[in-house]
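Here's the structure, in C-alpha cells; my notes come after.
The values are calculated or read from the model by the stated rules, or taken from the named source; none is laboratory data. These numbers were taken from a predicted model, which means no experiment stands behind them. Using ideal geometry, Cβ is built from the backbone for each residue, glycine included, and neighbour counts are taken over all protein chains shown. For accessibility, only protein heavy atoms count, side chains too; no ligands or nucleic acids. Shrake-Rupley method; radii C 1.70, N 1.55, O 1.52, S 1.80 Å.
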Amino acid sequence: MRNIAIFAHVDAGKTTLSEQLLSHAGAIRTRGAVDHGTAHTDRLPVEKRRGISVQSSCAHFSWQGEKINLIDTPGHADFAAEVERSLWAPDGAILVISAVEGVQPQTEALFRALQQACIPTLLFINKIDREGADANAALASFRSILHPAAAFLDDGEGMMALIAEGDDQAAEDYLNGVIYEKEVLYARIRAAMKEMALFPALCGSALRDEGVPALLQAILDLLPPPFGKSEDPLCAIVYAASQDPLLGRGAHIRVFSGVLQNRDALNIGNSQKKITQIRLWSPDGRGQDTGKLEAGDIGVVYGLQETKIGAVIGDESLLPRPMQLGLLREPLLSAKITPENPEKEKEMQKALFELAGEDPLLSVAYSEETKETTLRAMGKMQLEILEETLRTRFSLPCRFDPPQLIYRETVLAPCEGFVAYTMPKPCWAVIKVLIEPLPRGSGVEFQSIVAPRDILPRYQHQVEKAIPLALRQGMMGWQVTDVRITLIDGNHHEIHTHPLDFIVATPMAVMDGLRRGGTRLLEPLLEAHFTIPEDCAGRVMSDIIRMRGQMESSQRSGDMMRIRALLPAATSLSYSDTLLQLTGGRGGMHTRLIGYQDAPEDTVAVMPRRGVNPLDTAKYILAARSALEGEIFD
C-alpha cells in the first residue's frame, strides 16, 4: 500500500497530474479537465465552476498490484489550512514544480511544511511542453532556494554523488568510479529520503501524458508503505470532514494501526460514538462501502457526528508525528456576515457552524452585544468561496462586510486584578492576579506563588486552565498575548467552594486587571517572499519601505530577484494584486504570519465581544453557570 499526497503552487498542474495517474491505473475511463470542470478530484460544485481545488480529495486505485490512496490538495494559499490537514494522512508526497516558473512562493511554504512533517518527497517538474520551459533551470531553482540535495532520478551519477555526501562508504566508492546498480542505489535513496536528505526528481507534462508512468513506478519504488500493523492497538486521526446528503457528516480518517469496523463503539473525547458505515473513496467521489479500515487505510467513516477534525481515535502515543494546525498559515481576516433575508440569521449560523466543522480554523462567533455574526478566514478568495457555498449548498444568499485584520492586544503596564466570587451561594473563589507585559512573541506565561493552604492545588490548576479563556478577548475585543499572569493571593472555602468556581472567577479577575492596566493594540507582522523580474526590483523595494516594511535579504537568480522582507499586514494585504500588474503577471509573493508588533498609535480596531463581558459580573456569572451546566463554556 502507498498513501501519497500531491502538493503544488496554484496552476502548476497538480490536478491534471492526478487525472493522469488515475487514468494510467485504469481507475477512470476518461481523463477530466480542470478548465471544463470535469476533473474527478474536484468534486464540489464550486470547484467545477471556478476550476480550482478548494478541498482536499482522496481517490483509491491500484497499480501493479499495489493499493494506492491519492490525496489531491488545493494550491491556493487561502486554503492552506486544508493543505495542512492533508499532511496528517500520507506517508509520501509528490511536490509539483512548473518547468516554466520554477520554485514559486507557495512551493517554498509547502516544502517547508513537508520537511517539518518529515514526509519523503518526490519532485515532478511539470509543463515541460510549455514555451519557456526549462526542467534543468527549475531543478536548479529548487536546489538553490529549498534544498541542495536534488537530482533527476534517471541521472545515476548525480544521485550517486548526492548519496556519497552523507555516506563514507558510498563516497569512497564514488571516488573510485563506482555507480551502484539500481537495486542498491534505490535502497540508499529510500534511506536518504526518509531522513529528508534527498529529493529525486522526474519531469514531464501532465497535460500531454509525458513522464506519468515513470512517476507511478517511482511512487512504488521510492515512497514508503505504511508502518503500522492491524494487530497493534488502534490509532487513527480525523484529518478532514465532508457532508453527504444521505449519510450525513463523514469523518475522513487515516488509520495508523489497529482496525475500525462497522458498528464499532468508540470513545472520542467525552462521548461515545458508533460507526454506521465505512467507505473508501472511489475516483467518481461516491465511494464504496468497505465495512472496515485496517492499518494504513484512508477512508470516510459515518456515525461520528460532531467529532472534531484533529480528533485522535485510540492511542495518541502511536501517532508517527505531531499533528498541528497553523504551521502553514493562520487566519488573518475577520468579516461580518449577514443573510439577505434577516429572518434566516439562525439558519445561516447553523450552516456556518457546519462549515466550521469541516474547517477548524474557520472560527464562527456571534456577539450578543452587537447581534452580529463574524468569522475568521485566510483571505479574500476563501470568503468568496464561502459566499458561493452558502448560496449554492445551503440556498442562503449572504453578504460579507469588507473584512478587517485580526489584531491582538497586550497589557500596557504591570497591574493587579481581583475578584471575590462569593455570591450568589453556593460559591466561593477569591483570586488576585498580577499581570505583566512580556517582550513580543513571548506568548502567555502562568505561575502561582499562593500557598496550597490558601487555594488548594486542584483549584490553582483550574485557574491556569481558565487563563486561555480569560485572555480570548481583552479590552478591545482581541486575544491578549505577551503577558505573564501570576496568581499572587486568594482563598477557597472548605464548604462553599464549588468544583468549578475558580474557572468562573478567573476571567473576572483577569479582565479587572486589564481594565486597571489598560491594553495596547498589536498588528500582525508578515514575512514576505517576493519573486520578481530584476527590472522591477527597485520599485518593489521602494514599495516595501512605503508599506512600513523592512528589507531582510535579496538574491539574484538568473533574470529574477528573490526578496525577503517583513511587512505589516495592514499595509500589504492587497499588494499581491499590485505586484501582478507591476510585473505583468511574472512576479509573485508569498506571506506567512510570524508574529505581532505594536500597532501605530492612531490605529483604531475593535472586535465585538462574544458572549457576556466578565466586567459585567452579574450577567457573566449567570451565563457562565449556565454554560458549565451544559458542559460548554463560550
Heavy-atom surface of the chain, accessible at 1.4 Å and reported per residue (Å²)
44
Tally up the carbon and sulfur contribution to the accessible surface of the range 226-279 as a whole percent, 1.4 Å probe, everything protein left in place.
45
Which whole-Hz ³J(HN,Hα) couplings does the range 294-310 yield from phi under the Karplus relation 6.51 cos²θ - 1.76 cosθ + 1.60, θ = phi - 60°, glycine and proline marked x?
9, 3, x, 6, 10, x, 10, 10, 10, x, 8, 4, 6, 5, 6, 5, x
In whole Hz and in residue order, list the ³J(HN,Hα) couplings for the range 5-22 that follow from phi through the Karplus curve 6.51 cos²θ - 1.76 cosθ + 1.60, θ = phi - 60°; x for Gly and Pro.
10, 10, 10, 5, 4, 3, 6, 7, x, 5, 5, 4, 5, 4, 4, 5, 4, 5
Would you indicate which of (1) -0.67, -0.83, -1.26, -1.39; (2) -0.52, -0.68, -1.21, -1.36; (3) -0.50, -0.64, -1.09, -1.23 is the value of log10 I(q)/I(0) by the Debye sum over Cα atoms at q = 0.07, 0.08, 0.11, 0.12 Å⁻¹ derived from the coordinates of this structure?
(2)
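Would you mind checking Lys14/Lys194; Lys465/Lys619; Lys346/Lys432 for any pair whose Cα atoms are more than 31 angstrom apart?
Numbers: Lys14/Lys194 23 Å; Lys465/Lys619 22 Å; Lys346/Lys432 39 Å.
Pairs exceeding 31 Å: Lys346/Lys432.
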Going by amide H atoms built from the backbone, whose H comes under 5 Å of the H on Val100, apart from near neighbours?
Asp134
The answer for Gly490, listing residues at least 5 apart or on another chain whose modeled amide H is closer than 5 Å to its amide H, is Lys432
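Where does the charge balance sit around Val100 when Lys and Arg score +1, Asp and Glu -1, over other residues with C-beta under 14 Å from its C-beta?
Numbers: positive: Lys127, Arg130, Arg586; negative: Asp11, Glu101, Asp129, Glu131, Asp134, Asp559.
Every neighbour counted, the sum reads -3.
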How much net charge surrounds Cys398 when only other residues with a Cβ under 15 Å from its Cβ are counted (Lys, Arg +1; Asp, Glu -1)?
-3
Derived scalar couplings ³J(HN,Hα) [the range 206-213; Karplus, 6.51 cos²θ - 1.76 cosθ + 1.60; whole Hz; x for Gly, Pro]:
5, 5, 9, 6, 10, x, 6, x
Lys273: which lysines have alpha carbons under 26 Å from its alpha carbon, excluding same-chain residues fewer than 8 sequence positions away?
Lys229, Lys292, Lys308, Lys350
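Consider all pairwise Cα distances in the range 405-524 and report the whole-number % of them above 24 Å. Please list the in-between numbers first.
Working: 1698 of 7140 pairs.
Here the long-distance tail beyond 24 Å is 24 percent of all Cα pairs in the range 405-524.
How large is the dipole of the range 399-446 about the Cα centre if only Lys and Arg carry +1 and Asp and Glu carry -1, each at its Cβ, rounded to the nearest 20 debye? Numbers along the way, then the final one.
On the way: 5 positive and 5 negative charges, 35 e Å.
Taking the Cα centre of the range 399-446 as origin, the dipole is about 160 debye.
Suppose every K and R has +1 on its Cβ and every D and E has -1 on its Cβ; what is the size of the dipole of the range 208-261 about the Cα centre, in Debye to the nearest 20?
Numbers: 4 positive and 6 negative charges, 42 e Å.
The dipole magnitude comes to about 200 debye.
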Using a 1.4 Å probe over the heavy atoms of the protein chains, calculate the carbon and sulfur portion of the accessible area of the range 502-634 as a whole percent.
47
Most positive-pole-ward Cα, Pro507, Gln64, Thr481, against dipole of the chain from beta carbon charges:
Pro507
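Roughly what % antiparallel, to the nearest 5, for the DSSP beta bridges in the chain? Numbers along the way, then the final one.
Working: 97 of 126 bridges.
The antiparallel fraction comes to roughly 75 percent.
Given Cβ point charges of +1 (Lys, Arg) and -1 (Asp, Glu) and nothing else, what value in debye, to the nearest 20, does the dipole of the chain about its Cα centre take?
Values: 65 positive and 82 negative charges, 298 e Å.
Charge dipole, the chain, about its Cα centre: 1440 debye, nearest 20.
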